[in-house]
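Notes follow once the structure below has been shown.
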Amino acid sequence: MGSSRGTHAQTSGGSSGARILAALGLTFLCVISAAAVGWLRAPRQYRADPPVQDDLGRLRLMPNRIGGTPPESYFALGKPYEKTGYDLSQGKRLYTWFGCSTCHGDGRGKIGPSFLDGWWLYGPEMISVVASIRDGRPHGMPAYGNRMTSDQIWQLAGYVRTVGAYAPSPSATSRNDDPQTRPAENRGPAVQHFEQGPVGMNPRQGPSP
Amino acid sequence: MTAPTRHRPAPPARLFLLAPLVLSNCSGVQSALDTAATAAGHLRLLILSFTLICGVVWLLVMVMLGWALLRRRPAATDAGTQRRLTIAVSVCVAATVVIVGGLTTLSFLATRTLGSGEGEIEVVAVGQQWWWQFLYPAGGFQTVNELHIPVGRTVRIRLESPDVIHSFWVPSLSGKVDMIPGRTNALTLKAERPGLYRGQCAEFCGLQHSHMAFTVIAEDAATYARWMVEQARPARTPDTSHPDTSEAEAGRAVFLVKPCAACHTVRGTRAVGTTGPDLTHVGSRRTIAAGLLDTTRGTLAAWTADPQTLKPGTTMPLVPLTSDELRQVSAYLESLK
Amino acid sequence: MSRSRNDPEDRRPSDVDLPEAEVARRLHRTWATPRTLKDALSTVDHKIIGRRYIATAFVFLILGGLLALAMRLQLAAPEARIIGPDRYNQIFTMHGTTMMFLFAVPVMEAVGVFLVPLMIGTRNIAFPKLNAFSYWIYLAGGILLWVAFAVDVGPDVGWFAYVPLAGPEFSPGKRADIWAQMITFTEVSALAVSVELVATIFKQRAPGMSLDRIPVFVWAMLVTSFLVIMAMPAIMVASTTLILDRLVGTHFYNPAEGGDALLWQHLFWFFGHPEVYIIFLPAVGMVSTMIPTFSGRPIFGYLALVMALIATGILSFGLWVHHMFTTGLPRLGESFFTASSMSIAVPAGVQIFCWIATLWAGRPQMKAPLLFICGFIFTFVMGGMTGVMVASVPLDSQVHDTYFVVAHFHYVLIGGALFPLVAAIYYWLPKATGRMMSERLGRVVFGLIFVGFHGTFFPMHILGLMGMPRRVYTYQPEMGWGGINLFVSVSALVLAAGFLLFFIDVFRSARSGPLAGPNPWNAPTLEWATSSPPESYNFLRIPVVSSANPLWDDPDGPSVASGLNIDRRELLVTSVVEALPEARESSPTDSIWPLFAALATAILLIASIFTPWAVVWGALPVTLALICWFWPKGEPEDEA
């Protein structure tokens, strides 16, 4: 009656099961090898190693201190400070902790220049921003070279550049759990949200460089 | 960590049934069964009575299961089996209902007993990633990772958090209550005996959730009053005339020039930062870095030199200091008694 | 049967008046999946998909188990520096997420996908293409999560992802986004399977299988499916709002802008608690189905058991707050949730007493499945007792978020769901592969797993009472937790050894175990009425059921209904309550489009983590795949 077997008994059962097992084994192997790769990758670094730290401070700037060549280790690390979410968010915290907002506000500038007008007084390159933070600039920007470590300066510079980026980056930081004064950094491009063109210089900044 | 272990003999006969469990638990640094407050004592009793009742119920079910599996079976089942089984199962279910009802009532009564009355003293506890801030509105000061309370008086603690959810838990004194950003919770503590009671964050709060401990120090009224007076004073300025303290004085200058002052407050100086812990009396505290290290000049120097290795991911950034500066700053911090 | 046979318009070939061999040959031609890669990828056979589902879920069990061992290695000694906090947080998050979302829920649904059509006597599950789609989506979600972990972007915020820690400010990078999006994958696949199961159980039962004759496991899957359908929307809202907060900058969980951090917990646990029963109910369904076989008598209190399943399902939506007892809720609410949490012990008790009564009245045969079931009762009752303890608000305020709770839920999840699942594998694997597992090895496996399990998790109760919080990557030597933790870690190795032996036995048996025959256990339910493994068409002729234990009450095997078309895929549709034949319904043929639709959906969902525009351009391939999926091909199923 109902339970009698057909002529094709066992055609699909065992063999396709074996094939599936093989496929699963392959997947498993892929995952394991991917995991091995991942574990070899450096995890989030909470502090750069001292030699890297030193090297990150060796900026080769142009004589006018605008533009130049970043240190070797910056490339060796894979330029993390502009594109990894963790470093950018560390930069965002440093922005608060080191009081950047006293002069630059939420990025729109107060007595310091705005980052959101698309104009960079010393050029938009990462190294120029790093140099500005490390060595200071005329008319009020203090030097942070002896208060922050080199990797912190790079993190902060990376963050400052995302604030004023023309196009949103997937790794830019999102909003904080605070009252919102402007859209989050990952909601760029900044120029779309804010001032078009250069914002007038604050008189206390003095003449343009 | 310095919270010493206090030994208390397990109560005798009453709980002899649970002896193994009780003995294994009674002497923990942070044990819920090693209590020093009425509230925690009630909870302990509740835990033990629930364990007892539940243990007995479990045992009964296991006996039934064993009997069902191993009983000697008659050759044929008689007709009344089904009816008798129905009765037996119904009785068991009814018993379950009664036990569950009883335990619910017990739990409800315990809640009533615990209450959350008014406190004689009010403290605000703020959990932060990854340390504890205790504000004493009455004294106008704050302390860090160390909560002093007088024995025998009810302390009402307002629980807040500016960043993520933490949970305030001192097992020897009371159950835990969460600290939730955007909300204020409250908890009352009343220590029966003087002593040190360790507490720890109980809600996963990120990288260093494991190293977010604090100590509750219950002391007699006189000691507590003296401590209040001490804490309310601003930091003492190192005496420059003395050779031992000139290093500390130099450390003070470094502290104020370097970014330390941007995040930390030392009352009586220009350092008024609020991001990190108040360091006005850091030298008098038992531990630093939320229970991670005992406070000594050495640990202070180690912590200042490389916080990210001691406590990976902590919010204290690495600050570039020369070895001289480091020595001076740690001397200064140690002198802040 | 049937009305349709007498239908004068019906000229299609049916299985009436044909020799059995001919019927089998033509049914095979109609239903079988040919052995090519394309056909393997386009199959809609519920047995093949169910097997894949189960095997994949077990792969995730192994991966999750390895993570658990890594955690135990780190915790074996105080202040160990084997795994740093960052990696540890990823590991425990991955462990919880994998076990809950990629193992426990899918494996239970997968067993349902495999067994339910066999148990109710039909040829395929309802919406079989959706079934294929749900598997591919589930696989994509699992791969997403694990590849992310492998490249160090694994979520690190806990499997519960509490905001604000999982929110934009405190979880930089894409880790939490990966978690939230992986939830979307598992939601979609679980919902799809649930819809299929509900439709299958309600409309495709064998004639005569009225509601009171459905095997208890099928009842359990029905209740579970409804739980999924009602609980998943809550987590869908939660994970979507979380991802919006993180990627678009909305303020659902930002207290400073009127959001609420506790809202997340309510939404999460409104799903999260029923989720526990989504895992547990199929397991007790399995137990209720296996116990009669090994007791040699029908289950005692069928009606009570079914009612207990339904009651558990309903009550499970009223207890979510007991995960939030320490958040400072109003007293009255807490007392209500204490009462409701404890009351779920009553239906659980009903089931346990019914099982014990069945065993008492029958003649238990201590085969491996029953051994695991006894282990289940032993362990689960213990977990239930600690469950009653944590249901009490004041008691919970001490043990919440400590290792006591870790012990508790491993008792109810491993003890309450994994033990029955292992029993079920011993019991039903012969049906799937046609070969028996080793009874002798089974006893060793049980011994290792049982001892290893209790050695691992019982001491955790004590650790919790000694004040050890959960989710710590290390602890200090002064705390005095070192010895117990070391013992736990060593016991975990025993547990792992048990599982290793179990998997070895599964592979050995699938290759060279003794042949099982159609009904090796002399079980009463319909899946044992067909060959082992079942043919692609499940039953040569649809059985007709006249009692709750058809294979026992009908010594010659159940009578059969004929009249279904054998040259195209056709099912018998019956009425919901009485299971009276209503119609013949065509069943879809194999199609590659579910795979492509799943791929397109996966691309959309994954890319949307990186740019919101992916929702726009990613919708195109999804639409295309769906158009092709549903394009009328002039096949008979289009008319249905």
- Please list the radius of gyration and Dmax for the range B:121-232, considering alpha-carbon atoms only, with Å as the unit. 13.2, 39
- Task: Calculate, for B:Val272 and B:Thr105, the FRET efficiency according to 1/(1 + (r/R0)^6) with r their C-beta to C-beta distance and R0 56 Å; round to the nearest 0.05.
- Result: 0.55
- Could you run the Karplus curve 6.51 cos²θ - 1.76 cosθ + 1.60 with θ = phi - 60° over the range C:482-490 and give me ³J(HN,Hα) per residue in whole Hz, x for Gly and Pro? x, x, 4, 4, 5, 4, 4, 5, 5
- Pairwise Cα inverse-distance average, inverted: Kirkwood Rh of the range B:285-331 (Å): 10.8
- Task: Assign unit charges at the C-beta atoms only (+1 for Lys and Arg, -1 for Asp and Glu), then state the dipole size of the protein assembly as shown relative to its Cα centre in Debye, rounded to the nearest 20.
- Result: 1480
- Query: Just how far, in whole angstrom, is the range C:192-214 from the range B:276-337 if you go by their alpha carbon centroids?
  - Reply: 67
- For B:Ile165, residues with placed amide H under 5 Å, excluding near neighbours: C:Leu165
- Message: Restricting to DSSP loop positions (anything but H, G, I, E, B) with no more than 14 other Cβ atoms inside 10 Å of their own Cβ, which chymotrypsin sites (Phe, Trp or Tyr not before Pro) remain in the range C:536-640?
- Response: C:Trp613
- Note on the structure: For the range C:61-211, the percent of all C-alpha pairs falling in each 5 Å bin, from 0 up to the bin holding the max distance, is 2, 9, 17, 17, 14, 12, 9, 7, 6, 4, 2, 1, 0
- How compact and how long is the range B:38-80, expressed as Rg and Dmax of its alpha-carbon atoms in Å? 18.7, 60
- Using only alpha carbon pairs under 8 Å that are at least six residues apart, calculate the relative contact order of chain C and give it in whole percent. 22
- Message: Could you compute Rg(Cα) / (2.2 N^0.38 Å) for the range C:268-382, with N its residue count?
- Response: 1.22
- Using alpha carbon centers only, the range C:30-100 is separated from the range A:41-80 by a whole-angstrom value of 39
- Message: Based on C-alpha coordinates, I'd like the Rg and Dmax of chain C, in Å.
- Response: 24.9, 87
- Per-bin percent of Cα-Cα distances, the range A:50-193 [5 Å]: 2, 10, 20, 26, 21, 14, 6, 1, 0
- Query: Taking the Cα atoms only, what angle lies between the long axis of helix C:46-75 and the longest principal axis of chain C, rounded to 10 degrees?
  - Reply: 20
- Query: How large is Rg/Rh for the range C:194-234, to two decimals, with Cα atoms and a Kirkwood Rh?
  - Reply: 1.03
- Query: Taking the inverse of the average 1/r across all pairs of different Cα atoms in the range C:413-571, what Kirkwood radius in Å do you get?
  - Reply: 19.3
- Please turn the phi angles of the range C:556-564 into ³J(HN,Hα) values with the Karplus equation 6.51 cos²θ - 1.76 cosθ + 1.60 (θ = phi - 60°), one per residue in order, whole Hz, x for glycine and proline. 8, x, x, 6, 10, 9, 10, x, 6
- Query: Mind checking the mean number of beta-carbon atoms from other chains within 10 Å of the Cβ atoms in C:14-24?
  - Reply: 2
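When the gyration tensor of the range C:31-132 is built from Cα positions, what are the square roots of 5 times its three eigenvalues, in whole Å, from largest to smallest?
Working: eigenvalues 296, 37, 18 Å².
Those come to 38, 14, 10 Å.
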- Task: Could you work out how far the C-alpha centroid of the range B:27-48 sits from that of the range C:342-373, in angstrom?
- Result: 36
- Query: Rounded to the nearest 0.05, what FRET efficiency do C:Leu73 and C:Arg29 have when you use their Cβ-Cβ distance and R0 = 51 Å?
  - Reply: 0.40
- Rounded to the nearest 0.05, what FRET efficiency do A:Ala23 and C:Ile627 have when you use their Cβ-Cβ distance and R0 = 30 Å? 0.55
- Note on the structure: With x for Gly and Pro, the residue-by-residue ³J(HN,Hα) of the range A:166-178, computed from phi through the Karplus equation 6.51 cos²θ - 1.76 cosθ + 1.60 at θ = phi - 60° and given in whole Hz, is 7, 10, x, 9, x, 9, 4, 5, 9, 5, 8, 7, 9
- Per DSSP, the loop-located trypsin sites (Lys or Arg not before Pro) within the range B:160-248 having at most 16 other beta carbons within 10 Å are B:Arg236
- Per the Kirkwood treatment, what hydrodynamic radius in Å, one decimal, follows for chain B from the mean inverse distance over all distinct Cα pairs? 23.2
- Task: Whole number please: convex hull volume per residue, Cα atoms of the range C:530-640, in Å³.
- Result: 178
- Rounded to the angstrom and largest first, Cα extents along the principal axes for the range C:49-108 equal 45, 15, 13
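Out of all DSSP beta bridges in the protein assembly as shown, what portion is antiparallel? Express it as a percent rounded to 5.
The antiparallel fraction comes to roughly 80 percent.
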- Query: Amide H of B:Ala37: which non-local residues (sequence gap of 5 or more, or other chain) have their own amide H closer than 5 Å, using H built in the peptide plane?
  - Reply: B:Glu192
- Query: Separation between the C:Glu257 and C:Ala607 pseudo-spin-labels, each 7 Å from Cα along Cα→Cβ, expressed in nm?
  - Reply: 2.7
- Which whole DSSP H helices in chain B pass both tests: a Cα extent of 24 Å or more along the axis and a mean Kyte-Doolittle value no lower than 1.0? B:38-70, B:81-114
- Query: Any idea what the dipole of the range A:50-193 comes to, in debye rounded to 20, about its Cα centre with Lys/Arg Cβ at +1 and Asp/Glu Cβ at -1?
  - Reply: 240
- Item | Solvent-free Debye scattering, log10 I(q)/I(0), computed from the Cα coordinates of the protein assembly as shown at q = 0.06 Å⁻¹ | -0.56
- What is the average number of partner chain Cβ atoms found within 10 Å of a Cβ in B:96-108? 6
- Note on the structure: With label points set 7 Å from each Cα along the Cα-to-Cβ direction at C:Arg443 and B:Thr113, the distance between them in nm comes to 4.9
- Once you've got the Cα coordinates, tell me which of A:Lys92/B:Lys337; C:Lys47/C:Lys174; B:Lys176/B:Lys258; C:Lys47/C:Lys203; B:Lys176/C:Lys174; B:Lys311/C:Lys174 are over 27 Å apart. A:Lys92/B:Lys337; C:Lys47/C:Lys174; B:Lys176/B:Lys258; B:Lys176/C:Lys174
- Note on the structure: Rounded to a whole number, the mean other protein chain Cβ count within 10 angstrom for residues of C:242-253 is 3
- Query: Counting Lys and Arg as +1 and Asp and Glu as -1, each charge on the Cβ, what is the dipole of chain C about the Cα centre in debye, to the nearest 20?
  - Reply: 1360
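Throughout, read-outs are computed from the coordinates displayed, never taken from laboratory work. Computed from a predicted model, the values in this text were never measured in an experiment. As a convention, Cβ positions derive from the backbone with ideal geometry for all residues, glycine included, and neighbour counts pool all protein chains shown.
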